[in-house]
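Here's the structure we're looking at; comments come further down.
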Amino acid sequence: QQTLKERLAELIPQELEQVKAVRAEHGKKSFGPVLVDQLYGGMRGLPALIWDGSVLDADEGIRFRGKTITECQELLPKAPGGSEPLPEGLFWLLVTGEIPTQEQVDALSKDWAARAAIPEFVEELLDRCPPTLHPMSQFSLAVTALNHDSTFAKAYSQGISKKEYWGPVFEDCMDLIAKLPNIAGRIYRNVYGQGKVPAIDATKDYSWNLANVLGFAEKSDFVELLRLYITIHSDHEGGNVSAHTGKLVGSALSDPFLAFGASLNGLAGPLHGLANQEVLLWLRKMQSKIGVDASDETVKEYVWSTLKGGQVVPGYGHAVLRKTDPRYSAQREFALKHLPEDPLFKLVGQVYNIVPGVLLEAGKAKNPWPNVDAHSGVLLTYYGLDQMNFYTVLFGVSRAFGVAAQLIWDRALGAPLERPKSYSTAHIKKMFDGK
Ligand code: AMX
């Protein structure tokens, strides 16, 4: 049976040929004009990056290597007795574009378990963080520190040839993903006083081990939730802050630990990954203000008061999507199956019926529909993981899958240093007004 690295070694020359052919045939074709507004407007819609793992359609949502979330749920291997895809299989798909066999997925689980230990100094680093330091800051510190043992950084300093970059980058990416449960588990237990992190079990899959380091492995539905959670949070094409940051920093040949540490710092922002924490805080605040069984009218007033206070409604809107996020829908399906009567789930449903109408009436947001973050916190809370400021760490563990897959390909295809052109307002005025 072929390993992921062996399969990659076969695919890389084919992909190099394909990229060469695409560039030869289409390299001088235009995607359309670049508007001055796009320079000021956060580059929305500007075609600027190659990202192979996934592409986001504004109406349909994400496809991982051409497959929808539902197709991934059907096609990817599962754990014994489970019905959600194993993230190991999703990683294989992101990297190769192919659906792996059950044996290949099992081998990845074992490989990651074998790589899972973190250096003692990283454990100490985390133990020394004050519990008041946000879990995402701790997470980013620890991931950055893993660069101490980077295979790529070492190979580069020893003069490795450009053609060989992808091999050590692959090793670093595998190490990175493998070590995240131990880092996440240690942060969780340190911050919330939950005792020692148990050892990784090499006979179990990645999500079971992640659940176990957090102290939730006995709840098999929670383990299933994590399998789904990692799968849907893994990748969302290349332009979002965490994905693009990882690619950008990686383009300087910073190793995958440095690159993904930077991704995490972007994910920690409230307009990006931190929104899943913000959603729960917002819902709780609403409940404390208007009570648990508030009428639609009162909820509506509360939504308006958020907007009038100059704040965003967390979990709603998106820079690319223009319909309900299928990642939201996948979590809703999970909730309907496992926790249909949960009061917080019902509140999320009630909010879903109200917020889009208010945002449409307010007339600013281009997309009034919910994104992935509108739902995730409710599911985690249901199983007892109610420490909201930890939620983005789980998003970060998942996002490593997508960023790592692209870092491997970027180095395999010799992606150059990123260096877009910037202009000053004075220069633009001069360019178009002549003064
Ligand atoms: N509540 C209130 N106002 C909103 C809004 C929301 N949920 N979504 C967008 N708007 C506002 C914007 O703030 C902007 O206002 P401005 O003109 O005064 O600056 C205006 O509508 C136009 O914004 P847009 O073009 O529709 O969105 P964008 O591409 O600039 O930003 C996003 C996208 C996600 C940052 C925005 O919708 C938002 O702030 N949502 C709430 C936070 C959130 O849920 N983030 C998570 C996104 C998913 C993820 O990355 N995990």
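Data overview
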| read-out | value |
| --- | --- |
| Under the Debye formula (equal points on every Cα, no solvent term), log10 I(q)/I(0) of segment 1-113 at q = 0.10, 0.21 Å⁻¹ | -0.44, -1.17 |
| The chain - mean residue ellipticity at 222 nm from DSSP helices (-39,500 (n - 2.57) per run, n ≥ 4, rounded to 500) | -19000 deg cm²/dmol |
| Solvent-accessible ranking of Trp166, Trp369, Trp409, largest area first, probe 1.4 Å | Trp369, Trp166, Trp409 |
| Over the chain, relative contact order from alpha-carbon pairs under 8 Å, at least 6 apart, % | 21 percent |
| Percent of Cα-Cα distances greater than 19 Å, calculated over segment 53-203 | 64 percent |
| Charge-dipole axis of the chain as Lys and Arg at +1 and Asp and Glu at -1 on Cβ define it, positive-most pick from Ser234, Leu253, Phe139 | Leu253 |
| At R0 = 51 Å, FRET efficiency that the Cβ-Cβ distance of Ile12 and Lys308 yields, to 0.05 | 0.40 |
| Spin-label model distance (nm) - Glu98 vs Asn353, 7 Å beyond Cα toward Cβ | 4.9 nm |
| Inter-label distance, nm, simple model (7 Å from Cα along the C-beta direction), Gln287/Val34 | 4.8 nm |
| Highest to lowest packing among 118-131, 372-385, scored as the average C-beta count within 10 Å | 372-385, 118-131 |
| Loop chymotrypsin sites (Phe, Trp or Tyr not before Pro), segment 1-59, which have at most 13 other Cβ atoms in a 10 Å radius of their Cβ (DSSP) | Phe31 |
| Kirkwood Rh (inverse of mean 1/r, distinct Cα pairs), segment 170-216, angstrom | 11.0 Å |
| Cβ-derived FRET efficiency at R0 45 Å, Ser157 paired with Ala58, nearest 0.05 | 0.55 |
| Interatomic Cα distance distribution for the chain, bins of 20 angstrom, percent | 25, 57, 18, 0 |
| Radius of gyration and maximum dimension Dmax of segment 277-435, Cα, Å | 20.4, 65 |
| Cα-projected label distance for Glu164 with Glu297, points at 7 Å along beta-carbon direction, nm | 7.4 nm |
| In Å², nearest 10: area of Val169 left accessible to a 1.4 Å probe | 0 Å² |
| Candidate residues Leu94, Leu271: accessible-area rank, largest first, probe 1.4 Å | Leu271, Leu94 |
| Values of log10 I(q)/I(0), in the order q = 0.15, 0.18, 0.21 Å⁻¹, for segment 374-424 under a Debye, Cα-only, solvent-free model | -0.64, -0.72, -0.79 |
| Sequence-separation-based contact order of segment 284-425, relative, with Cα cut under 8 Å and 6+ spacing, percent | 27 percent |
| In segment 334-416, the trypsin sites (Lys or Arg not before Pro) that fall in loop regions by DSSP, at most 12 other Cβ within 10 Å | Lys364 |
| Descending semi-axes in whole angstrom, ellipsoid equivalent of segment 133-289, from the Cα gyration tensor | 30, 20, 14 |
| Residue-wise HN-Hα coupling along segment 162-170, computed from phi with Karplus coefficients 6.51, -1.76, 1.60 (Hz; x: Gly, Pro) | 3, 5, 9, 3, 4, x, x, 5, 4 |
| Neighbour net charge for Tyr383 - beta-carbon separation under 12 angstrom, K R +1, D E -1 | -4 |
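The values are calculated or read from the model by the stated rules, or taken from the named source; none is laboratory data. All figures in this text were calculated on a predicted structure; none of them were measured in a lab. Glycine also receives a Cβ, built like all others from the backbone with ideal geometry; neighbour counts cover every protein chain displayed. Ligands, DNA and RNA are stripped out before the accessible areas are found, and what is left, the full protein with its side chains, is counted by its heavy atoms. Shrake-Rupley method; radii C 1.70, N 1.55, O 1.52, S 1.80 Å.
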